[in-house]
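Only one structure is covered here, and it is reproduced in the block below.
The values are calculated or read from the model by the stated rules, or taken from the named source; none is laboratory data. If you're wondering where the values come from, they're calculated on a predicted model, not measured in any experiment. Heads up, the Cβs are rebuilt from the backbone with ideal geometry, glycines too, and the neighbour counts pull from every protein chain shown. Keep in mind that these areas ignore ligands, DNA and RNA; they rest on the heavy atoms of the full protein, side chains included. Shrake-Rupley method; radii C 1.70, N 1.55, O 1.52, S 1.80 Å.
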Amino acid sequence: ASDYIILVTEIMSLITLIIFIPIAIIGGTCFDFYRFNHFDDVLHITSGFIGCMAAKIIFYFSQNETNTRRKRLFFVIYMFMFSMGVASIWELIEFGLDKYLGFDCQAGGLTDTMFDILDCLVGSIIATTYYYFKIKKQDVN
């Protein structure tokens, strides 16, 4: 029964992506769907659901994975995504402090936010690469 549920989830995820990507890219850019109120909000909320579905599938397959190389890869993906998620939440906290409490955490506005996330991206790539090879070395020994 659980394999059936996973299969249905995978199919739903694929259908969602097949619908989401053209609407987001072609509809938003070519047909100016951004003129509709909250179109961008709906896209980003939907992408949150899609990200969670992808995480569920990756987590499920990583639990049943017997191939150590793929298991390492799943672990590194998890580490990377977790790190980037924390960076995003941090930027939301800074935004909230600035907007509602009058702080000046994001002094550079959008540019500051993007550079902060890019900095986290660089750190995440370095750390996940390091841990991938460290875990690989432990698996060999």
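Rg and Dmax, both from the Cα atoms of segment 54-94 and both in Å, are 12.6, 41.
Taking a threshold of 18 Å on the Cα-Cα distance, which of the pairs Lys56/Lys137; Lys56/Lys136; Lys71/Lys137 fall above it? Pairs exceeding 18 Å: Lys56/Lys137; Lys56/Lys136.
Note on the chain: with neighbouring protein chains present and a 1.4 Å probe, carbon and sulfur make up 72 percent of its accessible heavy-atom surface. Projected label points at Leu110 and Thr9, each 7 Å from Cα along the beta carbon direction, are separated by 3.6 nanometres. Surface exposure of the chain, expressed per residue as accessible area with a 1.4 Å probe, stands at 75 Å².
Shape of the chain from its Cα gyration tensor (a ≥ b ≥ c, root eigenvalues): rounded if a/c is under 1.5, otherwise prolate when a/b > b/c, or oblate? Write down the numbers at each step before the final one.
Numbers: a/c = 2.48, a/b = 1.21, b/c = 2.04.
Oblate is the answer for the chain, as a/c is 1.5 or above yet b/c matches or exceeds a/b.
Report the calculated FRET efficiency for Ile50 and Leu73 (r = Cβ-Cβ distance, R0 = 25 Å), to the nearest 0.05. Efficiency, rounded to the nearest 0.05: 0.75. With a simple spin-label model that places each label point 7 Å from the Cα along the Cα-to-Cβ direction, the separation between Arg35 and Met81 comes to 3.7 nm. Residues whose amide H lies under 5 Å from that of Phe103, counting only those 5 or more places away or on a different chain, are Asp98; hydrogens are built 1.01 Å from N in the peptide plane. Projecting label points 7 angstrom from Cα along Cα→Cβ for Ile89 and Ile58 puts them 1.6 nm apart.
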